[in-house]
Structures are given as structure tokens and as C-alpha cells.
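Participant: Supplied in C-alpha cells, the structure appears directly below.
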Amino acid sequence: MERFYLENASKYHALVEGLDPLPKPRLTKGKPGPGMIVSARIRPLSKNEGFPSATFPRTSEKNVLDIHDLYNHPRGIPVLRSSDYQVDRLFDSSSTTEEIYEELIVDLVHFAWTGGIGTLFAYGQTGSGKTFTVSRLEELVAETLMKGDLGGEREIYMTIVDLAGNAAFDLLNEREPISLLEDSLGVTQLVGAVEHQVFDVKDMKAQVDRATSFRRTAPTLKNPASSRSHAICRIRISDPVSHSDGFLYLIDLAGSEGARDVAVHGPERMRETRQINISLSVLKDCIRGKAQADVAASETKGNRTQKFPHIPFRQSALTRVLKHVFDPASSRACRTVVIACINPSLADVGPSKNTLRFAEMLRVLVPVTDDIERDDTSAIHWTNAELRKWIEANSGNPPILGSVLAPRESGAQLFNLSSAEIEYRCRKCPGVTLEQAKVFRSKLWQTYISA
């Protein structure tokens, strides 16, 4: 497949350049739920990769990403296949880790400082920049915690463990095995893991570097040092006055792999890959279940009889350790940030789409409530009569007839039609050319985007 991409790189560029610069907008049915932000970060495309970029953030819509794949059609003519994805925050290849920290992570640090539980998950294909992102974020967290600007005195403790399958290891104690045991209160304890108190930025960074040296990695076709385990950095922030603790979890998940990455794996590596995929699937179910529970709780105003969705945290060592993050019955306030890391290369378009599907599945949207003021002048709320009137006043010459373009549709129904269908209806009007139909259709989309 890589050879096909390389041989048809010029064809790919020509097809992408010929795409409509104003694609059909995505209709968002709700807003992000409380306590959860799902983001995506696109890694810069390196010069030695040799493949064009397949990722195109939309300029007309925030947080929407188009991915264009080149399909090897059986007739021998390369065909472009496009997909679009939406997240709560999108960081393109020019975004820095510092920008991500300021927009997403610094609030988690303040939240944990005041007694909450903040959790960051970094997920993506091997070689997509997960470990690079998390490592720099850990440094920025250390600087914020130790700067002394957060108010009040706190004691900072660190524990860093590695989860490989159902086995757990202490990365701050030369990778000694530890046990995951549940206490009488149902909390999973890291039995045997050493908790280290840290006193300054240098000490904190030294502990992170020490843990990294014991992290389990292995070479793949994509990455010579792919993470083959989940690394959990737990920072406990203790308030000696109130005798309460806040927690910050920074989690670098094991790299997911495409078929081409596992093609030369032996039985042991295949078994390892299967365990990683199972744990990531369980994690997805737990994160989504917790987000659904948060939405349900907000809608019922804390009704004690509310039934929470089942969250399968016992099916994986990773989710057992983080049970308190997912437990809807917990009284602790939690906030979660997910960063889906994306490889931009056309050769990695399959795994990139899988990563973005995973991210979209984690999003739980809250329906827009009735108390939000309705804008009846918005294009999406036009009646058929209002829509026809706008069409005939803005279509130019020769005119596009409202009775032909929208014989029965309201504004919302018309925006659900495909671009090809709208252009086809426009050209049914006498004298209307394809170019005029495209210009008018773009103008129509712009009314929706502006609204």
C-alpha cells in the first residue's frame, strides 16, 4: 500500500486541490458534557517520511478535521475517500505542548491542588507523539506545582507504575513487581509501590527521568522504541491543614498499532498487542460510561434514585487502578482530559482514523436545553417559505427557483442534503451552470456556519 501511495502522490495532491474549499458543515447535536474534554493533536510531518499529509483541519469550523485517503480502485483509477471527525479541542501541527498545557492541563493542576481528581490520558498509534507530549506536560506540571503561586502549603508525593497486561511494576524502584489489591472500601491499592516525596522542580523531573529509564519499550516497524505498556504517573497533593488529598494522574497509554506494524510480530508480541487492545477497549467503555453518568446526574439535579450505567472497570488492570476516576457513585469531584495523538502521514491514514473514531466515541454530548434562547432568524430555523424567499433573493442571474431547490424542505432539512443533491437541484433551473450552482451552494453553507 505504501508503494501505491508513493506512485500516486502527485495524483493525490491534484485530487485534494480539486476538493470543495467549503465542505458540508457537521451538525453538532449538543455540547460537551461536564468534567470531560476530548482533544486531538496532529504531529508535525517530518521531512524524511516521504508521504504527503492526509490530515486537514477545517478553517471554516473549529475542532473539525478532514482526512483524505487514496483508495486503490479495482479499475485502476485512484479514488479519494474523505472522512471528517470532530473533537472538543483540535491542535494542529503548529501547536506547541505549552499551548496544550495552558488550554487543557493547567486547570487540572489547580483542580487537584484544591482537592479534586484530575486525569490526563494520551492515546494514539505508536510513533504519534504520545510519550513526547506527556513527558513535556510532566515537566510543565512540575514547574507549576513547585513555583509557589497556587496558594497555601502542600506536600507533593509521586508514584509511577507500569502496567503490562495484568502485571504491574514500580518504575521508581527499579521496576520491582507490585500487586493490585482491593481494600475493604473497594479502593485498589498499589501494594509494594514506593511513594516518593518531592521538594523542588529538579527533584520531580529526576523522578520522571528515572521512571522513563525503566519503561517497557520494544521496536516496531513504525517506532524503534514503542511503548508496550501503560505508564501511570500519580501525583498526590496533600494539604497538611485540612488533612485532605488531591490527585493528578498523567497516563501515557501503550501505543496502538496498525496491521502493517504487527505483520512481523511473533506469538509473544501478538499476545502483548492483544492485551493492549483489550485494555484500551475497556478504558473506552469506562470513560464513556462515566461521562454518561455525569450527564445523567446533571440532568436529574443529583436525584439519589438515579440509576447509573454499568462501568466495567474490573475487566482491566488499568481501569482497576483508576476505579475512583470512573465510579459514578464516588463523592470525589473528577475532571478528565483525553489527548488523541495523530500521525499526519498518508501511510498512516488507517490508524489515524481509528484513533479519531476512538476519540469521537468518548464524547458524550449534553442536549441543548430549552432555556437557551432560540434564534428564530437563524438559517437552521427557516420555514419553507422563508427559505424560498432567501433563495430567490440571493441566487443571482439566471435565478435559482425556490420551488425547485426546496419544494418542501425547511432550513434544517435542506442543510441535511448532500452537496451533490443541492447542486443537482440548482442546475434543474433554466440557464444555471455548474459553476453558479457551486457558488450558490457555498453561499448557502456560509449562512449556516455564520448562524
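Participant: Quick one: is residue 135 of a type in the set (Ser, Thr, Tyr) and either more than 25 Å from residue 154 (Cβ to Cβ) or not assigned by TED's automatic domain parsing to the domain that holds residue 208 (or both)?
Facilitator: Criteria not met by residue 135.
Participant: Which condition breaks for residue 102 when tested against (1) in contact (Cβ under 8 Å) with a residue 24 or more places away in the chain; (2) within 30 Å of residue 332 (Cβ to Cβ); (3) acidic (Asp, Glu)?
Facilitator: Here residue 102 clears every test but (1).
Participant: Here's something else I'd like to know. If we scan segment 12-21, do we find a residue that is among the acidic types (Asp, Glu), free of Cβ contacts under 8 Å to residues at least 60 places away in the same chain and over 12 Å from residue 344 (Cα atoms)? Explain how you work it out, then say what you get.
Facilitator: The first filter runs over segment 12-21 and keeps only residues among the acidic types (Asp, Glu), leaving 17, 20.
After this cut, where a residue has to be free of Cβ contacts under 8 Å to residues at least 60 places away in the same chain as well, the list is 17.
Next, from what is left, pick out any that are over 12 Å from residue 344 (Cα atoms): 17.
Checking segment 12-21: at least one residue is among the acidic types (Asp, Glu), free of Cβ contacts under 8 Å to residues at least 60 places away in the same chain and over 12 Å from residue 344 (Cα atoms).
Participant: Could I ask something else about it? From the set of residues in segment 424-440 that are in a helix (DSSP H, G or I) and surrounded by fewer than 19 Cβ atoms within 10 Å (Cβ to Cβ), which is farthest from the chain's Cα centre (by Cα)?
Facilitator: Looking at residues that are in a helix (DSSP H, G or I) and surrounded by fewer than 19 Cβ atoms within 10 Å (Cβ to Cβ), I get 427.
Participant: While we're on this one: Return the residues of segment 81-95 that are polar (S, T, N, Q) and under 15 Å from residue 343 (Cα atoms); say none if nothing qualifies. Break it down into steps so the answer makes sense when it comes.
Facilitator: Of the residues in segment 81-95, the ones polar (S, T, N, Q) are 82-83, 86, 93-95.
Passing the criteria: 93, 94, 95.
Participant: Any residue at all in segment 359-371 that is within 20 Å of residue 23 (Cβ to Cβ), surrounded by fewer than 11 Cβ atoms within 10 Å (Cβ to Cβ) and at pLDDT below 85?
Facilitator: There is no residue in segment 359-371 that is within 20 Å of residue 23 (Cβ to Cβ), surrounded by fewer than 11 Cβ atoms within 10 Å (Cβ to Cβ) and at pLDDT below 85.
Participant: Could we say that residue 92 is under 17 Å from the mean Cα position of the chain (by Cα) and more than 22 Å from residue 127 (Cβ to Cβ) here?
Facilitator: For residue 92, the condition - under 17 Å from the mean Cα position of the chain (by Cα) and more than 22 Å from residue 127 (Cβ to Cβ) - is not met.
Participant: Please work out if residue 121 is modelled with pLDDT of 90 or more and under 27 Å from residue 93 (Cβ atoms). Break it down stepwise before answering.
Facilitator: On the way: modelled with pLDDT of 90 or more: yes; under 27 Å from residue 93 (Cβ atoms): yes.
For residue 121, the condition - modelled with pLDDT of 90 or more and under 27 Å from residue 93 (Cβ atoms) - is met.
Participant: Given the options 75, 175, 154, name the one that is without any contact (Cβ under 8 Å) to a residue 60 or more places away in the chain and surrounded by 15 or more Cβ atoms within 10 Å (Cβ to Cβ).
Facilitator: On the way: 75 fails: surrounded by 15 or more Cβ atoms within 10 Å (Cβ to Cβ); 154 fails: without any contact (Cβ under 8 Å) to a residue 60 or more places away in the chain.
None of the other options fit; the residue is 175.
Participant: Next up: State which residue is surrounded by the fewest Cβ atoms within 10 Å (Cβ to Cβ) when the search covers only segment 396-423 and only residues that are farther than 13 Å from residue 24 by Cα and in contact (Cβ under 8 Å) with a residue 40 or more places away in the chain.
Facilitator: 396
The values are calculated or read from the model by the stated rules, or taken from the named source; none is laboratory data. What you are looking at is a predicted structure, and each value in this text was computed from that prediction instead of being measured. Cβ coordinates were reconstructed from backbone atoms using ideal geometry, including for glycine residues, and neighbour counts include every protein chain displayed.
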